[in-house]
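Student: Below is one structure. I have some questions about it.
The values are calculated or read from the model by the stated rules, or taken from the named source; none is laboratory data. Computed from a prediction, not measured in an experiment: that's the story for all the values here. Please note: Cβ atoms are built from the backbone with ideal geometry, for glycine as well, and neighbour counts cover all protein chains shown. To get the accessible areas, we keep the full protein, side chains included, count just its heavy atoms, and leave off ligands, DNA and RNA. Shrake-Rupley method; radii C 1.70, N 1.55, O 1.52, S 1.80 Å.
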Amino acid sequence: MSHIHMEIEQLSFSYEKKVPVLKDISFFAGERESIGVIGANGVGKSTLLKLLVGLHLDFEGSIRIEEIPLEKKTLGKIREKIGYVFQDADSQLFMPNVFEDAAFAPRNYGLPEEEVNRRVEMALRAVHIEHLREKPIYKLSGGEKKLASIAVILTMLPDIILMDEPSIALDPRNRRNLIAILNQFDHLKIIASHDLDFIWDTCERTILMADGGIVCDGRTEDILRDEKLLEEHGLELPLSIYRNNHAGYAENANI
Amino acid sequence: MSNISRTIYEIQSLDALAKEKRWINELHPLVKICVTMLYIGMTVSFPKYCLGGLLAMAVYPVILFTVGELSFRAGLRRLRIVLPLVCVVGVFNPFFDREIYAYLGKVAVSGGVLSMVTLMLKGVFTVFASYLLIATTTVEKICYALRMLHLPKLFVTQLLLIYRYIGVLSEEAGRITRAYELRAPGQKGIHVKAWGTLVGQLLLRSMDRAEQIYESMCLRGYQGEFYYGDKIKMRGRDIVYLCIWTAALIALRCLPVTEKIGSLFM
Ligand SMILES: Nc1ncnc2c1ncn2[C@@H]1O[C@H](COP(=O)(O)OP(=O)(O)O)[C@@H](O)[C@H]1O
Ligand SMILES: [Mg+2]
């Protein structure tokens, strides 16, 4: 993996004039970091991710990936480095079956079919769904779809992975499986979620957003333990911490 | 299963059917498109009283259904929406054209009846031919062949996307009607008053979804052209298939022999 990094400076954005959604966001994301972006619904987490991958270019401020500024000219080059996993896998997967969908990106990059095959194999193996290779998308379960939507971006060999609410609609087993898989990746990861337990298990660093801006940026361990801070911004302690902090919780729950 | 989920299922299973690995599916898509177009052209060009000759054209669908190991019943079932439409087209002919044209045993057959049957058969055959193409060829391959025929990139991509979006649209429709039905139990269908809002909802949601799919494509390097892995090579058997059908179809259409055979039954 290369020494990729991402630098965001004074980023502001609005969908409609005069209603700013993101306000003056700055942070630096270094190689191999895994960063959780948390915050209540509607604070602009998804919008931030979409900006980072260049889905809206009319922002103020700057986004640089390895010193290359994100703009129309550099869009193609930058997108090759970034894999964006949609919140809704149904919108991400559009080809008839898993193989075709995973082959879509490498084929677009003009790779020979042998290499396409090799990459698809690699990607499916990375998320443990080799057996689903020929399966039609509409026959996949929710958890399988989520894994497939990660596989289809891995075929681009991205340096950066962005994920929007990856744990949504996953049952506990699929959720654990996803956490284990993500923790094996050594990409630079940015995960937007309001599932704090998920962030606790996958990210070392957390950025807390409120009202379109960054409230606090630090070690996940510090931020997710700060009950008062979280409560002020409409979030609750991760369950695992809650259990520790409130001794007797388990006993009470058993009554 | 509700109507809509059945529609989704059928679109998707047609897709799955086209992806199977039977030899007829593996034929070069360009060859299949050419044969299909030739067949439709020949079929439609029969004069309106020429039932005998037209009957002989049944050879093509019959052979393809047999050789392609496709279920004829399944085909009919899928076409049940289109077929009545096709048949309605000719239904007024008997009233306009009452002149006696032929005798079937002792029963007089008027020109109108004859032309009605001819018209209906043309419709049925054409629909079958298109079904046979779609059931044995994936949309991607059809588009690939259309690009080989130098149809504009934009047009071909549109076609492909429309096909993909039909799935999206029907899925959204399914979700909306299910949500409606759950909150209006015991009601048959959807109340007329709710139609406007539901259709509006459907449109908005589908547009949203379509936009996301487009974004997903762009994020994965899509630049207006679909790539299909290896170039599909024209092989010996493709040429043979094309030649045999071209010769057979032209013979069926042009040689008076077939009309004679047909008229034996009249
Ligand atoms: N396409 C859009 N057009 C206009 N406003 C939008 C659009 N998408 C999101 N918003 C608004 O931007 C704000 C942030 O949304 P979003 O980034 O989705 O938040 P989050 O992901 O944190 O829940 C919300 O107030 C939302 O209503
Ligand atoms: Mg969101």
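Student: Need one number: convex hull volume per residue for the stretch B:74-180, Cα atoms only, in Å³.
Tutor: 195
Student: Okay, moving on. Work through the residues other than A:Y138 whose Cβ is under 10 Å from its Cβ and net out their charges, Lys, Arg +1 and Asp, Glu -1.
Tutor: 0
Student: Determine the share of the protein assembly as shown's accessible area contributed by carbon and sulfur atoms, expressed in whole percent, with a 1.4 angstrom probe. List each step's numbers first, then the result.
Tutor: Working: 15660 of 26440 Å².
The computed percentage sits at 59.
Student: Any idea what % of Cα-Cα pairs in the stretch A:52-102 are farther than 12 Å?
Tutor: 69
Student: Rounded to whole Å and sorted largest first, list the principal axis extents of the Cα atoms in the stretch A:1-56.
Tutor: On the principal axes, the stretch A:1-56 reaches 40, 20, 18 Å in Cα extent.
Student: Something else about it: If you build the Cα gyration tensor of the protein assembly as shown and take the root of 5 times each eigenvalue, what three semi-axes come out, in whole angstrom, biggest first?
Tutor: Values: eigenvalues 648, 141, 82 Å².
Values for the protein assembly as shown, descending: 57, 27, 20 Å.
Student: Check each of the trypsin sites (Lys or Arg not before Pro) in the stretch B:6-94 and keep only those in coil by DSSP with at most 11 other C-beta atoms within 10 angstrom; list them in order.
Tutor: B:K21, B:R80
Student: Starting from the amide H of A:V215, placed 1.01 Å from N in the peptide plane, find each other amide H under 5 Å away whose residue is 5 or more places distant or on another chain.
Tutor: The answer is A:L208, A:M209, A:A210.
Student: Within 15 Å, Cβ to Cβ, of B:V82, how many net charges do the neighbouring residues add up to if Lys/Arg are +1 and Asp/Glu are -1?
Tutor: Working: positive: B:R77, B:R78, B:R80, B:K122; negative: B:E10.
Here the charged neighbours net out to +3.
Student: State which helices in chain B qualify, where a helix is a whole DSSP H run, it must extend 15 Å or more along its own axis by its Cα atoms, and its mean Kyte-Doolittle hydropathy must be at least 1.6.
Tutor: Span-like helices, by this rule, are B:29-44, B:111-136.
Student: Along the three principal axes, how long is the stretch B:47-124 when you take its alpha carbons, biggest first, rounded to the nearest angstrom?
Tutor: That gives 42, 24, 22 Å along the principal axes, largest extent first.
Student: From the C-alpha gyration tensor of chain A, pull out the three semi-axes of the equivalent ellipsoid (sqrt of 5λ each), sorted largest to smallest, in whole Å.
Tutor: Working through the eigenvalues yields semi-axes of 30, 25, 15 Å.
Student: Moving on to the next point. Under the rule of -39500 (n - 2.57) per DSSP H run of 4 or more residues, summed and divided by the residues of chain B, what mean residue ellipticity at 222 nm is obtained, to the nearest 500 deg cm²/dmol?
Tutor: -23500 deg cm²/dmol
Student: Taking only the alpha-carbon atoms of chain B, what semi-axes of the equivalent ellipsoid follow from 5 times the gyration tensor eigenvalues under a square root, in whole Å, largest first?
Tutor: 38, 29, 15
Student: How big is D for the stretch A:122-255, in µm² s⁻¹ as a whole number, if Stokes-Einstein is applied with the Kirkwood radius of its Cα pairs at 4 °C and 1.567 mPa s?
Tutor: Numbers: Rh = 16.6 Å.
In µm²/s, the coefficient rounds to 78.
Student: Using θ = phi - 60° and the Karplus form 6.51 cos²θ - 1.76 cosθ + 1.60, what ³J(HN,Hα) does each residue of the stretch A:47-54 get, whole Hz, x for Gly and Pro?
Tutor: Karplus-based 3J(HN,Hα) across the stretch A:47-54 equals 4, 4, 4, 4, 5, 5, 9, x Hz.
Student: Counting pairwise Cα distances across the stretch B:126-217, what percent come out greater than 23 angstrom?
Tutor: 45
Student: With every protein chain present, what is the per residue accessible area of the protein assembly as shown (1.4 Å probe, Å²)?
Tutor: The answer is 51 Å² per residue.
Student: On alpha carbon coordinates alone, what is the Rg over Rh value for the stretch A:19-120, Rh being the Kirkwood radius?
Tutor: Reported Rg/Rh, Kirkwood definition of Rh: 1.00.
Student: Rounded to the nearest 100 Å², what is the sum over both chains of accessible area buried where A meets B, with a probe of 1.4 Å?
Tutor: 2300
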